[in-house]
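Here's the structure, in structure tokens; my notes come after.
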Amino acid sequence: MQDGLWKELLQKIEDKVRALYAEYTHDYLIYHNIHHTESVVKNAVEIADHYHLDDEAMFILQAAAWFHDAGQLFTTPFLHEEESVRIVNNFLEGTEGISTAVITAIDSCIMATKMPQRAQSLIEQILCDADLYHLGTDKFWNINEAVKEEAVLRGFDITHWDAGTLKLLQMHHYYTDYCQQLLDKGKAGNIERLRILLSNG
């Protein structure tokens with residue numbers, strides 16, 4: 001597929017995802033909303049630019065980034081990746097010039113973000129790092145509060161929220177050397193600050 005056609009289809013994908021969030025979003029999606037999706041797309045492009053991906057790989061990555069959380073609109077957090085895959089497959093089915101291999105790669109990228117993350121290909125690794133980019137930034141604290149508020153509104157137990165968040169940070173690792181160099185130090189600082197908060201009760 002020519003570069004112009006990739007860009008044209010990406011615009012249709014962006015328009016579709018924005019329309020889904022506009023029509024089906026819920027008040028409890030404090031974090032998993034269109035703004036998070038926009039942020040993940042932006043992060044993914046930033047990381048991908050470092051690796052000079054070709055047009056097809058860039059399309060796969062951005063398509064997956066746009067759709068990766070769309071399933072949050074229709075099902076539980078634990079099944080949203082599978083629902084996101086179903087949504088993107090329905091959208092791309094029958095699209096001229098899109099091979100089964102491209103759709104399968106998009107599906108694999110989305111499923112790689114399922115916690116705990118299991119990324120294999122470079123584009124899967126980039127999307128996973130883009131999704132949790134904030135763990136290594138000072139935005140982590142506000143985002144963590146938003147995720148917590150969303151959890152409350154969705155009826156989840158947050159009794160041990162800070163301890164669980166610390167465990168997540170300690171278990172997490174960035175796949176790409178780009179994010180390791182850029183974000184590992186910030187993540188270590190967030191871990192230390194969270195440890196101090198927990199020790200102070």
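Rule-based calculations on the coordinates, nothing more; no lab input. Everything numeric in this text was worked out from a predicted model, so none of it was measured. Cβ coordinates were reconstructed from backbone atoms using ideal geometry, including for glycine residues, and neighbour counts include every protein chain displayed.
Here are a few things to note about the model shown:
- Members of Lys16/Lys185; Lys16/Lys167; Lys139/Lys167; Lys148/Lys185; Lys12/Lys167 lying beyond 30 Å, as alpha-carbon distances in this model show: Lys16/Lys185; Lys16/Lys167; Lys12/Lys167
- Computed from Cα positions, the angle between helix 80-92 and the longest principal axis of the chain comes to roughly 20 degrees.
- For the chain, the longest principal axis of the C-alpha atoms and the axis of helix 161-171 are separated by about 60°.
- Centre separation in Å (Cα based) which lies between region 10-66 and region 144-178: 21 Å
- Angle between the chain longest axis and helix 55-67 axis [Cα atoms, degrees, rounded to 10]: 50 degrees
- In loop segments of region 87-182 as defined by DSSP, the GluC sites (Glu not before Pro) with at most 11 further C-beta atoms inside 10 Å of their C-beta are Glu93, Glu96.
- The convex hull defined by the C-alpha atoms of region 80-135 has an orientation-averaged projected area of 4.2 nm².
- Largest first, the three principal axis extents of the alpha carbons in region 3-199 are 57, 36, 22 Å in whole numbers.
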